[in-house]
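First the structure, in the form of structure tokens, and then the observations on it.
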Amino acid sequence: MRFTVLTVALCSVVSFLLGAVVTGDRTSPLAVAAQPARPVERAAMRAPLPAGNGGLVSFADVAERVNAAVVNIEAASRAGHERRRSLDDPGAGPGDLNMPHQGSGSGFVIDRQGFILTNYHVIEDADRITVTLADGRALRGEVVGADPAIDVALLRVTAPGPLEIATLGDSDDLRVGEWVCAIGNPLGYVHSVTVGVVSFIGRKLFDASLDDYIQTDAAINFGNSGGPLINARGEVIGINSAISSRASNIGFAVPINQALAILPQLKARGRVSRGFIGVVLTDVTPDLQRSLKLPVARCALVQDVSDGAPAARAGVRAYDIIVSVDGRDVWTNEELIRDISGRQPGSVARLEILRDGRRQATQVKLAERPRDPGGADPLPAQHRASPEPLSDLPLGLTVRELDQGFARRMEIPTSVQGLVVVRIDPAGAAFVPVMRRGFVIMEINRQPVRSVGDFARLVGAARAGDALALYGYDPSVGQRGFILATVDTR
């Protein structure tokens, strides 16, 4: 089920007490930043879990200790900055985009030099930042660096006296069901503490290639953004960042390891550069292996290669299977992208690929990862399907042939040929979140689809329970990819 996620800084337009920056969900190509040596001190020893009556975990001592390192952040911007908005945050008219803004969020001190971690959206476009410490001291904050891709910012304050610092943990050690607490300044109620558990690890919300969010049911509200998510040992294991707009107990935090991995670049250059080869990948699953008759059960399968990207220049193609990088085995697409994104642009990586059962090697010179340009609306409401569509019962899809008008309107490359999905039956086999109206089916199990006759023949030949790999183009993200569907009994 698709849902909307809201970043949770408390933002207000002058003369309005307003909600927060709202960002819709979307999908794009590649995964998780690299993890070099830790730039700040971590907990040297595992402290015993604090326990209350009956041996239950108690966060009273944890909150008392960590609260001193949590700060309130006020970010003010003058008129003239465009604020990020979405259809879920209609707000006021276009004139408000040029009005002054005042927002607030949270953060936490990570070392004695006055460095503070928070979310990028808390301080985005800010002309003045005020950091209020737990003891009430108000200090001018300076932006040292920011990484909008994972919504992390690094601030610094100069304080006349000592600063309390938060102990940083290891988010890789987290387990689903583990107790955590969130501390922040929701709705202006400073230093509020809420408790819950880790609900999921590795959630994808905005960018499927970099997102690695910790999901928790600890209450997170507007103004909690940038505050710490803390384990039962009193160690910060995440940065509270977003909530679901459709529930009151679904919150998300950036893993602390992901934030610490980019700290050296933020301190040195104020921004983050990630290696990029320009491929869209998916993991090899049993169904995908069976439908495409792949010779391996794991590794990263290439779905698409961007025109002019380093991988394209190196000869990488769709359906290639990347099995190793510089001699190290690749088991998942996230492993590969974590490796590549952790390298500097301009460096060279040696890829070993499996193509049609034969191994070959190629060298790729990495470029710098670009910002995601976003995509178009996959099927405008005013569009009327033409020519005559074909309704397919086994998969629950209604398709029609791709016409020039739709291709031009959706800016579909001329190399893309196939059938357009115009309707998806919610009870059909192909009803999965990644299937959208407007998706162009180009191949089924590597067999080209150029007409409704091709589609009917290939689907009709499949037996109940067979897995079909639909390879095609998604105009909403401008990428080719696979969608797996299983044939229902007729």
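The values are calculated or read from the model by the stated rules, or taken from the named source; none is laboratory data. In this text, all values refer to a predicted model and were calculated from it rather than measured experimentally. We place every Cβ from the backbone using ideal geometry, glycine too, and count neighbours over all the protein chains shown. Each accessible area value is taken on the protein alone, full model and side chains, heavy atoms only, with ligands, DNA and RNA left out. Shrake-Rupley method; radii C 1.70, N 1.55, O 1.52, S 1.80 Å.
Here are some notes:
- Residue list for the stretch 120-138, restricted to those being assigned to a strand (DSSP E or B) and in contact (Cβ under 8 Å) with a residue 24 or more places away in the chain: ARG128, ILE129, THR130, VAL131, THR132
- Failed condition for GLU443, given (1) within 22 Å of SER306 (Cα to Cα); (2) at pLDDT 85 or above; (3) of a type in the set (D, E, K, R); (4) in a loop (DSSP other than H, G, I, E, B): (4)
- Top-ranked residue of the stretch 446-477 - restricted to ones that are in a loop (DSSP other than H, G, I, E, B), surrounded by 19 or more Cβ atoms within 10 Å (Cβ to Cβ) and at pLDDT 85 or above, ranked as farthest from the chain's Cα centre (by Cα): VAL449
- Residue list for the stretch 141-180, restricted to those being in a helix (DSSP H, G or I) and either polar (S, T, N, Q) or buried (at least 18 other Cβ atoms within 10 Å of the Cβ) (or both): SER171
- Of all residues in the stretch 405-426, exactly one satisfies the criterion of being within 20 Å of ILE483 (Cα to Cα) and among the basic types (Lys, Arg), namely ARG423.
- Among the residues of the stretch 181-204, the ones that are open to solvent by 10 Å² or more (accessible area, probe 1.4 Å) and of a type outside the set (D, E, K, R) come to 15 in all.
- Number of positions in the stretch 219-247 that are in a loop (DSSP other than H, G, I, E, B), touching a Pro at 6+ places or on another chain (Cβ under 8 Å) and crowded, with 24+ Cβ neighbours inside 10 Å: 4
- Any hit, the stretch 329-345, residues being open to solvent by less than 20 Å² (accessible area, probe 1.4 Å), modelled with pLDDT of 90 or more and in contact with a helix residue (DSSP H, G or I) (Cβ under 6 Å, 6 or more places away or on another chain): yes
- The stretch 120-176, residues that are in contact with a Pro (Cβ under 7 Å, 6 or more places away or on another chain) and either closer than 15 Å to VAL109 by Cα or among the charged types (D, E, K, R) (or both): ALA166
- Search result, residues across the stretch 174-214 that are free of Cβ contacts under 8 Å to residues at least 60 places away in the same chain and closer than 30 Å to LEU133 by Cβ: GLU178, VAL180, TYR189, SER192, THR194, GLY196, VAL197, VAL198, TYR213, ILE214
- Wholly enclosed strands (runs of 3 or more DSSP E) of the stretch 43-119 bearing at least 3 residues modelled with pLDDT under 90, open to solvent by 50 Å² or more (accessible area, probe 1.4 Å) and aromatic (Phe, Trp, Tyr): none
- Filtered by the rule that a residue be assigned to a loop (DSSP other than H, G, I, E, B) and out of contact with any His (no Cβ under 9 Å at 6 or more places or on another chain), the stretch 181-203 gives TYR189, VAL190, HIS191.
- Of the residues making up the stretch 426-434, not a single one is buried (at least 21 other Cβ atoms within 10 Å of the Cβ), at negative phi and modelled with pLDDT of 85 or more.
- Test result for VAL279, over 18 Å from GLY202 (Cβ atoms), modelled with pLDDT of 95 or more, out of contact with any Lys or Arg (no Cβ under 8 Å at 6 or more places or on another chain) and open to solvent by less than 20 Å² (accessible area, probe 1.4 Å): no
- Qualifying position, being in contact with an Asp or Glu (Cβ under 7 Å, 6 or more places away or on another chain), modelled with pLDDT under 95 and more than 20 Å from GLN102 (Cα to Cα), among ALA149, ALA159: ALA149
- Condition met for GLN215 (more than 27 Å from GLY472 (Cβ to Cβ), polar (S, T, N, Q) and part of a strand (DSSP E or B)): yes
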